[in-house]
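Okay, structure first, notes after.
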Amino acid sequence: MADLLVGNGFKDVGYLRQGIVGWGNLLVPKRINPESDNYALYQFNRPGKASCSYLLTCGKEAMVFDPSRNIEAYIGLAAQRDATIVRSFETHRQADYISGGPALAEKTGYAMMAARSDFEGADFPFEAVADNDCFSFTAPGPEIRAPHTPGHTMGSTCYLIGNKYLLSGDTIFINTSGRPDLGGKWEQWARELYLTLMLRLRGLSDD
């Protein structure tokens with residue numbers, strides 16, 4: 001396309017390296033917690049898919065949440081912070097993109113964590129996350145709690161970091177909640193989503 005534009009007299013022409021594949025895999029990281037914290041939380045925006053993933057580092061360790069297949073982006077940023085990825089987590093089984101969790105686990109040798117009800121029968125290894133399981137770093141840092149929040153999928157799980165940041169997957173968005181109809185059981189899942197929003201997450205502060 002760029003060649004056609006140049007051939008028709010256009011001067012200011014550029015092109016995206018790797019084309020639509022490069023756009024689909026692009027990840028733009030941004031730190032979202034204060035520099036004064038003893039840990040760092042980065043949000044990776046994936047504009048080609050309108051989705052987000054996260055990298056949490058503390059001391060020499062890092063954890064990834066909802067990784068895309070561009071796993072080198074997480075490995076690279078962790079290395080910049082002199083950290084090694086020790087776990088990855090899935091908030092739910094995604095319907096619109098393929099998770100990088102299995103590839104990241106194979107590359108690093110560490111576990112992919114996910115709710116069993118969403119990943120039962122998967123042809124890759126994972127470790128099951130149960131309701132309110134807690135995870136921590138070797139160095140002093142934030143605790144990660146995993147409340148089970150079914151509704152968008154039956155295995156949907158949020159991750160509450162340091163009782164301050166909620167990585168909600170598709171359970172909660174800025175102005176709405178996730179859709180409960182993707183599994184073809186909208187009535188059952190809508191009820192679960194209602195209970196999640198009204199009861200399971202009710203105790204969290206508004207901020």
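Every number here is computed from the coordinates shown, using simple stated rules; none is lab data. None of the values given here were measured: they were computed from a predicted structure. In this analysis, Cβ positions are derived from the backbone assuming ideal geometry, glycine residues included, and neighbour counts consider all displayed protein chains.
Annotations
- Placing unit charges on the Cβ atoms of the charged side chains and taking the dipole of the chain about its Cα centre, the candidate lying farthest along the positive direction among Gly9, Val21, Thr149 is Gly9.
- The dipole here belongs to the chain: it is taken about the Cα centre, uses +1 on the Cβ of Lys and Arg and -1 on the Cβ of Asp and Glu, and is about 280 debye.
- Amide H contacts under 5 Å for Asp133, placed H, 5+ residues apart: Ala146
- The phi-based Karplus calculation (6.51 cos²θ - 1.76 cosθ + 1.60; θ = phi - 60°) puts the 3J(HN,Hα) values of segment 141-150 at x, x, 7, 10, 9, 10, x, 6, 10, x Hz, whole numbers, x for Gly and Pro.
- In the chain, the C-alpha radius of gyration followed by the widest Cα-Cα span (Dmax) gives 18.8, 62 angstrom.
- FRET efficiency for the Asn8 to Thr176 pair, using the beta carbon distance and R₀ = 45 Å, is estimated at 0.55.
- Peptides 52-65, 10-23, 153-166, 93-106 ranked from most to least packed by the mean count of surrounding Cβ atoms within 10 Å: 52-65, 153-166, 93-106, 10-23.
- Taking Gly24, Gly76, Gly121 as the candidate residues, the one with maximal mean-square fluctuation in a Gaussian network model of the chain, Cα springs under 10 Å, is Gly121.
- Computed from the C-beta positions of Gln188 and Ile20 and an R0 of 25 Å, the FRET efficiency is 0.10 to the nearest 0.05.
- Segment 39-99 and segment 133-169 have Cα centres spaced 14 Å apart.
- Relative contact order of the chain, defined on C-alpha pairs under 8 angstrom at six or more residues apart (%): 12
- Rg/Rg_globular for segment 104-184, with Rg_globular taken as 2.2 N^0.38 Å and Rg from C-alpha atoms: 1.19
- For segment 119-207, the Cβ-based charge dipole about the Cα centre amounts to some 260 debye (Lys, Arg positive; Asp, Glu negative; other atoms uncharged).
- Couplings for segment 179-196, taken from phi via the Karplus curve 6.51 cos²θ - 1.76 cosθ + 1.60 with θ = phi - 60°, read 8, x, 9, 5, x, x, 10, 4, 5, 5, 6, 5, 4, 5, 5, 4, 5, 4 Hz in order; Gly and Pro are left as x.
- Over 28 Å between alpha carbons, listed pairs Lys107/Lys185; Lys49/Lys164; Lys30/Lys185: Lys107/Lys185; Lys30/Lys185
- Karplus 3J(HN,Hα) series, Hz, for segment 66-71 with 6.51 cos²θ - 1.76 cosθ + 1.60 (x for Gly, Pro): 6, x, 8, 6, 7, 5
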